[in-house]
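I have placed the structure first, in the form of structure tokens, so that the comments after it can refer back to it.
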Amino acid sequence: NAGVMQNPRHLVRRRGQEARLRCSPMKGHSHVYWYRQLPEEGLKFMVYLQKENIIDESGMPKERFSAEFPKEGPSILRIQQVVRGDSAAYFCASSPPGLNEQFFGPGTRLTVL
Amino acid sequence: LAKTTQPISMDSYEGQEVNITCSHNNIATNDYITWYQQFPSQGPRFIIQGYKTKVTNEVASLFIPADRKSSTLSLPRVSLSDTAVYYCLVGEKNYGQNFVFGPGTRLSVLP
């Protein structure tokens, strides 16, 4: 059973461009979580999704950020019109239904020039 | 969501036992305590989870007193490769919810 997969591992964007981060959960996991981590800090929750539904987006900025977890395919975290402050590591985690044991992916490191 | 407090950093030497204590004074009845380990440039990795008393696996032990307001992660005979950041989290086991990560404890194992 492959672990949580994220791609790309590194992403460089210029200010104003869009960033798309992908997360494929572990097989059988229907819950996906996105976190952001700045250097030397702990992870900050952004959004929690189940298949085709956003359950909790309280940690996600209201503007420029969106997330989806379609019926088929990976979960996508989308950042529009990126700014330098969006530079961070973005981690995805998944858990099986009914259990809050979260398995983390390797992260995507976003650099905004 | 219960807030947790841990030491910011700890130093140890190879072969020693390391105990990291976490305070969670407002833990709820349904909350479990979970510890994660994170190496640089990697995602956090699950270490151990418990509700009360003591839990042991092949990697660590978790001690939880009766009042559950704190917990202690015990790493036996640490090695250099145990140098990492350790996070203590609390949350319900059977309900998907976001984890609240504090700054964690940065453990440095010295030769």
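No lab work stands behind these numbers, since they all come straight from the coordinates. It should be emphasised that the depicted structure is a prediction, and the values quoted were computed from it without experimental measurement. Here the Cβ positions follow ideal geometry from the backbone for every residue, glycine too, while neighbour counts run over all protein chains shown.
Averaged over every viewing direction, what's the projected area of the C-alpha convex hull for chain B? Give it in nm², one decimal, please.
One quarter of the hull surface, i.e. the mean projection, equals 6.6 nm².
Starting from the Cα coordinates of the range A:28-113, work out the convex hull volume and express it per residue in Å³.
Looking at the range A:28-113, the number lands at 104 Å³ per residue.
Output wanted: per-residue J couplings in Hz (rounded whole) for the range B:25-41, from phi through Karplus 6.51 cos²θ - 1.76 cosθ + 1.60, θ = phi - 60°, x for Gly and Pro.
5, 9, 5, 8, 4, 8, 7, 9, 10, 10, 10, 10, 10, 10, 8, x, 6
Given the C-alpha atoms of the protein assembly as shown, compute the convex hull and give its volume per residue in Å³.
Spread over its residues, the Cα hull of the protein assembly as shown gives 122 Å³ apiece.
Where does the charge balance sit around A:Leu11 when Lys and Arg score +1, Asp and Glu -1, over other residues with C-beta under 11 Å from its C-beta?
+3
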